[in-house]
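The structure appears right after this line, and notes come after that.
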Amino acid sequence: MKFGVVVFPGSNCDHDAYYAVTRNLGHQADFVWHDSENLNGFDAVILPGGFSYGDHLRCGAVARFSPVMRAVKKFADGGGLVAGFCNGFQILTEAHILPGALIRNKGLRYICKTIELETATTNSPFTNALSKGQVLRVPIAHGEGCYTADEATLDQLEAEDRVVFRYKDNPNGSMRSIAGILSAGRNVMGMMPHPERVADPLMPGTDGLQVFQSMLTALAANSR
Amino acid sequence: MSETNPNPLDALLKTHKLTRGEYEKIQQLLGRDPNLTELGIFSVMWSEHCSYKSSKEHLKKLPTESKHVLQGPGENAGIIDIGDGYAIAFKIESHNHPSFIEPFQGAATGVGGILRDIFTMGARPIAVMDAIRFGRLDSKENGARNRRILDGVVQGISHYGNCFGVPTVGGETVFESSYDGNPLVNVFAMGVFRHDEIFYGKATGVGNPVIYVGARTGRDGIHGASMASDVFTEASKQQRPTVQVGDPFMEKLLLEACLEAMKTGAIVGIQDMGAAGLTCSTSEMGSRAGTGIDFDLKHVPQRETDMTPYEIMLSESQERMLLVAEKGREREILDVFDKWGLESAVIGTVTDDGMLRVRENGTVVVEIKNRDLADEAPLYHRPYTKPYRNVPVDGPSFTSASVEGDLLKMLASSDLCSKRWIWEQYDYMVRTNTIAGPGGDAAIVRIKETGTSVAMSLDGNGRYCYLDPREGAKLIVAECCRNLSVVGATPVSATNNLNFGNPERPEIMAQLVEGIEGLAEACRFFETPITGGNVSLYNETLGESIFPTPVVGIVGLLPTAPPVPMAFPKVGLDLVLLGGLGDCDLTHFGGTQYAKQVLDALWGLPPKLDLEVEKSLQAAAREVALSGLAEAAHDLGDGGLAVALAEGTFAGVGAAVSIESALRPEFALFHEGASRVMVATSKLPEVLAVAARHGVPATVIGKTVAGELSIQLNGAQLVQVSVDKLYQTWDRALEESLHV
């Protein structure tokens, strides 16, 4: 399978996602520059973490206007798998591809630590390798990770089984402890934690691999 | 001109922090009077910060060469060969004065400056560490200010490093009254590249174009370098405009663009614009190559209108680089910067006459030989006497009411407590190379391209160095090398940040001289040449000098593998002290954490150090780690055996320890005698055999157990406390003292 890893000016987890896909999973990946509108040939797209456009204005607020985001929207509308990690999640919400917003952490400070995530649904191309309730240990590294939406949206996300991960011990004040969500079509996922950071035996755990493996399983099923 | 009758020239020299003698040397070098812009240029290039005029003759004593060293001092950073065609560039730099004036931006731009030093050489930064020192948080007079400075510095480092995308993998945080009005912010950075990717700051090739890239030049930071070479007075609080504002996003773009531009093959030389900005980068690049540089200010991208030549040349606006391209290939380079949305401009050319010639719309406004600026700064042989100290040799008499109570008090002290509150604000994992992050003896990052990892340790100890700068400096080097050995790394090279007071005071100059000589001796002995660093003098406020505080960063190499943890992973392991229990007397107990935290006193001398013994101990510890004999290993440092044991329990597994010693309990448990490493092992005979082969004493002191730490001395139970209580005491103390 071939993953496109989008590079915005200021992306800094792009190399990590690339490494996880190519070295830890043994699949192909290419970087996609932010001014490209072409995602042809990719089976899945990753919006990596970082500080796109320096987080100027708001995290993801400038990146959503990048030419590549028009292509990402089209790719997602066509059913393609899109995963946004950390800043990627923020961009997806700013682009209204996913609902809600990520605001300053409750404690108003940047937090980098490994936390426990509970798998809220396995009915997704990103979690099909997991079991419901399964706990993953995955790092977070963000200052603006507090998931926020109006009550109706939160109710709808839950009713449609679109909450994909929840924090066990909510570190940033996210509403209903939400750490990651799915689009209505279930083919776009945003999550604040960094699965690409725990995809290597030398890193603190390999729990993140299962997110990627789920994607590979879903892609293989699709192409069959 | 008489001293009693100040005239305009004297006033001008005073604001430029130049002496009469220096002015006369400028006249002599130029063969005429300098104009104001030229005077400003000389003042920054000849400042202590840029010229090392007080320390240079002593810095020569430091070892700088070994088979690993590809580039020693004199470039933007030192370079070490790490095998397989790869190399690392690393250096430490201070941003002490700016961090006092404006903690957030001072620290942030400190990170930015050292990162540019690394990537200007072609290396991609993959690790940052910081050694930060503040006044005491609990000070009645200054506690609130010290807490504010700490918070600002931490957020500044966090802001810049996180956004740039480099992990902050470790460091040290120390609190001491002597840093009350003068915090120390020393930032270390390391980057990796291939041997054939190394770039130097040389303006070679007559006729080659000189290109300016990055942020526009503004009026910020004018005279930062000379500010950094001054003592603080009440008026310093008014110096905020001399501190620059950092933009890590711009720096990230600059990094990517520079590395990409380097790949074109069209770059001849490159240097960042740090202290003294455009002045320093042009004159140093020209001086290194023996060439001149001729450029016109009208081409320099400017943020503000009507800037004078003086302001443009002395601005310290951040995130700017100067590079020299191969003639005719400018476009290739400019295109890369265009791609990254960065401004770039050809501002001039390399010439053959060795002159820095600056024009304003064609008219020459500066004409100085590059080497006069970069290499002809006056050298001072500053007089020195005996190192200043104002504490007794003899210690007080004291008896501990409760050794266990003392241990808990120490674990809750801001020096020894968990710094988690700090390092959780740093992204210490980005780039997925961090094999051992903050909180351990040494940080380890892997080099993905090879099978090698780099271990790093930063250390300083102002108390030891105040008691005896020479021995203190040696102890720091030994501790750094020991930290590396504990995780299995072989120390290969060092960088140093010399934080001292006013060198014009002979007893402070003596601290500097003895500190350097101690570093030189130890670095020579451990074969860790110093490939670069930074000198920060005039660290005093209102006549109070800081403790002499050399900070050393040492890098070591080891094969990439899962790290040996510091904390005990399971019960039933044997605990061995490589190096034995050690020895101590009252005099050598005066610089310990026990003396500080429990007795609030300082006296005597730092712990004794025998370099040969230390070297054998390190070899043994390294072999134990590398041959997989250690389930956990930890250096005995601040707080001695008892604190090391407590730290060993922080993974939730306790220890039952029983020792026999003729030392009094406080000494036995808390002395900081060097050359000791604690190992938890399931292969005791093998560990003892390694120790014996290296001629290192080894004492079996107990076993890991569930639930509690228990320490008996000569059969008497001194400590019996649950690991939960130890952890809770240690973990939350910093947050509590910060009231957050």
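Figures for the structure shown
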read-out: Modelled FRET efficiency - R0 22 Å, B:Thr15 with B:Glu507, Cβ distances, 0.05 increments; value: 0.15
read-out: For chain B, convex hull volume per residue from C-alpha positions, Å³; value: 145
read-out: Full-stretch length increase - B:Ser402, B:Lys570 - with 0.36 nm per residue and alpha-carbon distance subtracted; value: 57.6 nm
read-out: Extension gain, B:Glu332 back to B:Arg219 (0.36 nm per residue minus Cα-Cα distance, nm); value: 37.6 nm
read-out: Residue-averaged beta-carbon neighbours from other chains (10 angstrom radius) around B:391-397; value: 0
read-out: Antiparallel %, DSSP beta bridges [both residues in chain B], to 5; value: 80
read-out: 3J(HN,Hα) from dihedral phi, region B:368-376, Karplus parametrisation 6.51/-1.76/1.60, rounded to Hz, x for glycine, proline; value: 9, 5, 3, 6, 5, 7, 7, 10, 9
read-out: Net lengthening on full extension, B:Lys339/B:Asp306 (0.36 nm per residue, minus Cα-Cα); value: 8.9 nm
read-out: Prolate/oblate/rounded call for the protein assembly as shown, Cα gyration tensor, a/c under 1.5 rounded; value: oblate
read-out: Computed FRET value (nearest 0.05) for B:Asn390 with B:His299, which takes r as the C-beta separation and R₀ as 60 Å; value: 0.65
read-out: Region B:118-189: trypsin sites (Lys or Arg not before Pro) in DSSP loop, at most 13 other beta carbons within 10 Å; value: B:Lys140
read-out: Under-25-angstrom lysine pairs by C-alpha in region B:1-106, whenever the two are 8 or more apart or on separate chains; value: 16
read-out: Global form of region A:4-135, assessed from the alpha-carbon gyration tensor, a/c cut-off 1.5; value: rounded
read-out: Positive-pole candidate from A:Leu108, A:Leu92, B:Cys480, dipole of the protein assembly as shown, charges at beta carbon; value: A:Leu92
read-out: Rounded FRET efficiency, nearest 0.05, which uses the C-beta distance separating A:Lys2 from B:Ser627 and R0 of 35 Å; value: 0.25
read-out: At most 15 other Cβ within 10 Å, DSSP loop - GluC sites (Glu not before Pro), region B:311-367; value: B:Glu343
read-out: Spin-label pair B:Ala601/A:Trp33, simplified geometry with 7 Å Cα→Cβ offset, distance in nm; value: 6.9
read-out: Entries of B:Lys570/B:Lys683; A:Lys106/B:Lys252; B:Lys570/B:Lys703; A:Lys2/B:Lys448 with Cα pairs more than 19 Å apart; value: A:Lys106/B:Lys252; A:Lys2/B:Lys448
read-out: Inter-probe distance in nm under a simple model that places probes 7 Å from Cα toward Cβ, at B:His381 and A:Met175; value: 7.5
read-out: Globularity ratio of region A:2-222, using Cα Rg and 2.2 N^0.38 Å; value: 0.90
read-out: Spin-label pair B:Asp84/A:Thr148, simplified geometry with 7 Å Cα→Cβ offset, distance in nm; value: 4.6
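Throughout, read-outs are computed from the coordinates displayed, never taken from laboratory work. Here the structure is a predicted model, which means the values were calculated and not measured. Cβ: placed from backbone, ideal geometry, glycine included. Neighbour counts: every protein chain shown.
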